[in-house]
Amino acid sequence: MSRTQSPLDRLGAELEAAATRQIATARAGAAPMRRGRWWARHTLIAILVVGVGSAGAVAVAATALLGHGKPVPLRGGAPVAGRSNGAPTAGSIRFLTTSVPDPDGGAPWAMRYWTTDRGYACFQVGRYDAGRVGLLSGAGAARVLHPMQIGTSRDGVSGCYPVDGAGHARIALHEPTAAGAATNTVCQDNVLAVDRAGHTVPARFPRGCSPPTRTVDVGLLGPAARSLTVAVDGKPRTIRPIGPEGAYLVVQRYVKPLRKAVGFQHRDVSMNVTENAEAWLALSPAAHTIRRIVYDDGICRVYPTTIEQGACFRHLAWVRLPAVTPGDVRAPVRAWAVDDKRIRVRFTARQAVTDRRSGYSIALIPERGPGKPRHDFTVYEYDHDIRAGAIARKTISREAYPAGRFTIRVRFRTAPSTPSFSQLPWHQGPLVGVTHVDVGR
């Protein structure tokens, strides 16, 4: 057998040789095969026929040859129940798709999805092999799959996003990637800088970054989406969203992002300062690779935009969270100096916090004296789970300010009534209470 054969060629040759030996043995008058051996012989021949004659089977055989390497590191550590984005809820982890083909063949792309105990929907996108989704390293027959762990991966396409009152998230990503490769940085040629002479030049990237070779469009449209039309290699293709999440995943060879000139327009267009004309992250599709979406309440014709809401904001059918009034949260607030730098704040949490869509904010505001404005402040978050009626305790620091008198203002913040990536600003939301404390004097 030639050493230059590919692993798939070697596998086919070995299967063919084994089948030939078994058939020759049977014809030479060997002892009759038991039922189990008869099944094994015919299965072997069937594998040989399918493996050699079917392109789809060749792809399956090739992906089965992937080795598995070290897991992809998590960003921010493993998920913890009741804190930050939270941990996966029981039974929520599942693959929405495992069969999106790669433009150049090999392992298909997959989208893994789950919800968390803190009101977030999360997904990961990568190459799929043997029940795992991950990123690739190596080349050719030496390719290795590095599995993604449950959580937000440091590399690759992944993230967690808040859900509405009905438990559905809305998100649209338009992201360049390096063919699902295990790399820390993707060199994006859509990022430009301006030199001292005012000329637009490519931005500098860390050594070893990988140039983008794929564009991944992935998102959650919600239960009201019925179909979407995407441009693959410049040609329109209509697909149906997956499940009640309204998920979609499209992978194609790298598509250069749209850019627009800003400011003064030069005759030499290379001297113009440009910026992105489409958002890589939005609440609804905002990139030119998505053409239109059919919703229950009408059709959205997607246009490139950089606004957070995307092009289909009015079709999102966002279910609002229950409103919270000042009377629901009002409670006395106590504060005292632990030492000359630290302050202990204590209050009764009359409103429970059960997910990351709500939480208490504690503003530390230095008092400058009569008639002097107080423009600076520091806000501390108390955003992990707490039951209604429990005592909330938080130690904060006045180290950024000189000794003196401080105002402590506590508010209960929730997600906005309309979709957004953030909570309400610190100065909004029902007021829990206000108190004052002297520190360091």
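Assorted remarks:
- The range 111-142 - residue that is touching a Lys or Arg at 6+ places or on another chain (Cβ under 9 Å) and part of a loop (DSSP other than H, G, I, E, B) and, of those, nearest to residue 355 (Cα to Cα): 118
- Hey, residue 417 in a loop (DSSP other than H, G, I, E, B), without any contact (Cβ under 8 Å) to a residue 12 or more places away in the chain and polar (S, T, N, Q) or not: no
- Inclusion of residue 317 among residues that are in contact with a Pro (Cβ under 7 Å, 6 or more places away or on another chain), surrounded by 16 or more Cβ atoms within 10 Å (Cβ to Cβ) and at pLDDT below 95 is not warranted.
- Single match in 333, 302 (criterion: crowded, with 18+ Cβ neighbours inside 10 Å and not assigned by TED's automatic domain parsing to the domain that holds residue 110): 333
- Test: residue in the range 251-259 that is surrounded by 21 or more Cβ atoms within 10 Å (Cβ to Cβ), out of contact with any helix residue (DSSP H, G or I) (no Cβ under 7 Å at 6 or more places or on another chain), outside the structural domain of residue 418 (by TED's automatic domain parsing) and within 29 Å of residue 414 (Cβ to Cβ): no
- Top-ranked residue of the range 78-99 - restricted to ones that are part of a loop (DSSP other than H, G, I, E, B) and among the hydroxyl-bearing types (Ser, Thr, Tyr), ranked as modelled with the lowest pLDDT: 84
- Considered as a group, the residues in the range 290-333 that are more than 23 Å from the chain's Cα centre (by Cα) and of a type in the set (Val, Ile, Thr) include one that is nearest to residue 346 (Cα to Cα), and that residue is 333.
- Subset of the range 410-441 (residues that are of a type in the set (Ser, Thr, Tyr) and surrounded by 14 or more Cβ atoms within 10 Å (Cβ to Cβ)): 414, 420, 435
- Checking residue 438 against (1) touching a Lys or Arg at 6+ places or on another chain (Cβ under 8 Å); (2) of a type in the set (Asp, Glu); (3) at pLDDT below 85, the condition it does not meet: (3)
- Some residue of the range 337-347 being surrounded by 17 or more Cβ atoms within 10 Å (Cβ to Cβ), assigned to a loop (DSSP other than H, G, I, E, B) and of a type in the set (Asp, Glu): no
- Looking only at the range 375-409, and only at residues there that are aliphatic (A, V, I, L, M) and surrounded by fewer than 17 Cβ atoms within 10 Å (Cβ to Cβ), the one that is modelled with the lowest pLDDT: 400
- Flag for residue 429 being within 30 Å of residue 314 (Cβ to Cβ) and part of a loop (DSSP other than H, G, I, E, B): yes
The values are calculated or read from the model by the stated rules, or taken from the named source; none is laboratory data. The structure presented is a predicted model; accordingly, all values stated were derived computationally and were not measured. For neighbour counting, all protein chains shown are included, and Cβ atoms are generated from backbone atoms with ideal geometry for every residue, glycine included.
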